[in-house]
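Take a look at the structure below.
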Protein chains: 2
Amino acid sequence: MSDTVLEQTTSLQSPRTTVKRLAKRAAYDRNTINAILDEALICHVGFVVDGAPVVIPTIHTRVGDTLYFHGSAASRMLRSLREDVDACVTVTILDGLVMARSAFHHSMNYRSVVVLGKGREVVDRDEKLRVLDALVEHVCAGRSRDVRPPNEAELRQTLVLAIPLAEASAKIRTGPPIDDEDDYALPIWAGIIPLSLTPAAPIDDERLVAGVATPEYAARYKR
Amino acid sequence: MSDTVLEQTTSLQSPRTTVKRLAKRAAYDRNTINAILDEALICHVGFVVDGAPVVIPTIHTRVGDTLYFHGSAASRMLRSLREDVDACVTVTILDGLVMARSAFHHSMNYRSVVVLGKGREVVDRDEKLRVLDALVEHVCAGRSRDVRPPNEAELRQTLVLAIPLAEASAKIRTGPPIDDEDDYALPIWAGIIPLSLTPAAPIDDERLVAGVATPEYAARYKR
């Protein structure tokens with residue numbers, strides 16, 4: 001990422017999204033936040049029900065400066081969130097285990113984003129169709145052009161929510177363990193175990209029409 | 001898992017943890033819930049701040065029927081949660097992308113657990129030390145016996161929280177895509193792309209004492 005690009009990005013920092021601890025790991029520029037949201041396959045959505053927190057995993061997608069997710073029109077989460085209530089959407093990508101010489105300095109390398117905002121139900125038909133396409137593309141780039149698009153009944157059964165990407169923060173840890181200076185003399189192994197979400201070879205559905213080949217985007221799936 | 005084992009496990013179902021949608025994917029027995037909690041490297045903790053939800057990723061561990069997590073004594077999340085307030089802890093393991101013939105039936109294979117409960121600060125020194133050991137073991141089995149244990153200053157700086165595993169639910173999707181009967185005749189590829197969090201070869205810390213070998217638990221790291 002060039003400095004020029006970085007300078008062009010806007011900040012999503014607000015008093016609520018300002019990272020209080022380990023502030024040197026924090027970032028607020030839109031490019032950093034978008035890249036993490038786009039790479040993460042799923043998010044965890046937090047909302048409040050009868051004063052208590054509920055956290056549900058779901059698939060998201062980003063279109064421009066808006067974060068979207070979808071689900072059944074019968075979903076409690078989606079029905080709660082379309083009432084203009086506060087949501088917190090968090091994504092986390094694990095990059096590795098950080099093994100220090102002391103138990104205390106063990107950590108993980110990760111990239112996470114926290115988005116705060118209120119949900120809005122997407123009612124415009126064109127926006128809804130665009131988002132449903134984008135959700136498929138978020139999971140697997142190239143897939144949306146091959147599939148049967150939603151019909152009217154499916155559109156009615158699907159609720160799509162939008163949250164503006166206006167208040168957010170990223171938190172990133174990279175690099176080796178940081179031990180106390182005295183501990184570096186200890187004969188204890190320390191280092192990183194890199195981790196990544198890795199695809200295996202696709203498994204054809206048993207009822208595939210004869211002669212249908214596995215598309216490249218599945219055979220060479222990559223985040 | 002044999003039927004005998006299943007019969008022995010207790011149920012963590014409650015009105016609040018009863019899965020309302022796709023109930024056939026739900027499970028409430030302790031063995032199923034424990035296995036998912038133990039395999040997941042991290043959790044997402046939800047709590048309420050000034051009426052709004054906050055969701056933060058962190059490392060957890062399970063000891064018997066208690067879920068623990070830890071962090072800096074300065075952490076806003078941990079300070080909030082020790083005040084006997086409601087928390088929701090969610091873990092999600094992604095097992096694969098489910099590519100159906102229709103956009104609508106695209107899905108993911110996953111195993112997730114939602115735990116509801118109130119936090120309690122662990123103040124007993126022995127329990128605290130056991131949990132800190134268990135946290136290291138949760139991330140990497142075999143690691144805790146090799147590392148320098150926490151000293152008194154580190155213990156003071158670390159806050160450990162407990163949540164009883166009394167109200168929880170698991171939700172699991174496995175298997176191939178389920179398409180509408182009419183769609184099976186479409187010449188569209190469908191199937192599963194399996195996913196797993198995969199370790200790469202460990203990277204030694206640059207300041208490792210000469211002659212210290214990479215331990216087996218790191219060289220052959222496995223969840």
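The values are calculated or read from the model by the stated rules, or taken from the named source; none is laboratory data. Not measured: the values here are computed from a predicted model. Here the Cβ is made from the backbone with ideal geometry for all residues, glycine too, and neighbour counts use every protein chain on show.
Side notes on the structure shown:
- Condition met for A:His44 (within 10 Å of the chain's Cα centre (by Cα) and surrounded by 19 or more Cβ atoms within 10 Å (Cβ to Cβ)): yes
- Checked across the stretch A:160-183, the condition of being part of a strand (DSSP E or B), crowded, with 20+ Cβ neighbours inside 10 Å, facing another protein chain (nearest Cβ under 8 Å) and on the phi < 0 side of the Ramachandran plot holds for no residue.
- Pairs are defined by a Cβ separation below 6 Å, a sequence spacing of at least 6 or placement on different chains, a first member in the stretch B:170-183 that is charged (D, E, K, R), and a second member that is part of a helix (DSSP H, G or I); the pairs so defined are B:Lys171/B:Arg25; B:Arg173/B:Arg25.
- Members of the stretch B:15-38 found to be within 11 Å of chain A (Cβ to nearest Cβ) and either among the basic types (Lys, Arg) or touching a Pro at 6+ places or on another chain (Cβ under 8 Å) (or both), listed by number: B:Arg16, B:Lys20, B:Arg21
- Checked against the criterion of being buried (at least 21 other Cβ atoms within 10 Å of the Cβ) and in a strand (DSSP E or B), the candidates B:Leu94, B:Leu132, B:Leu116 yield just one match: B:Leu116.
- Restricting the stretch B:87-124 to residues that are in contact with a Lys or Arg (Cβ under 7 Å, 6 or more places away or on another chain) and β-branched (Val, Ile, Thr), the residue that is nearest to B:Gln13 (Cα to Cα): B:Ile93
- On the stretch given as the stretch A:135-159, residues that are assigned to a strand (DSSP E or B) and away from chain B (no Cβ under 11 Å) total 1.
- Residue satisfying condition, being within 25 Å of A:Asn109 (Cα to Cα) and either among the polar types (S, T, N, Q) or part of a strand (DSSP E or B) (or both), within set B:Thr61, B:Thr17: B:Thr61
- A:Leu41 vs. criteria on the phi < 0 side of the Ramachandran plot and more than 7 Å from every other protein chain (Cβ to nearest Cβ): no
- Any hit, the stretch B:65-86, residues being under 16 Å from the mean Cα position of the chain (by Cα) and at the interface with chain A (Cβ under 8 Å from one of its Cβ atoms): no
- Residue count for the stretch B:42-58, restricted to those that are touching a residue at least 12 places away in the same chain (Cβ under 8 Å) and out of contact with any strand residue (DSSP E or B) (no Cβ under 6 Å at 6 or more places or on another chain): 1
- One residue from A:Ser102, A:Ser112 being modelled with pLDDT of 95 or more, under 30 Å from B:Val147 (Cβ atoms) and under 21 Å from the mean Cα position of the chain (by Cα): A:Ser112
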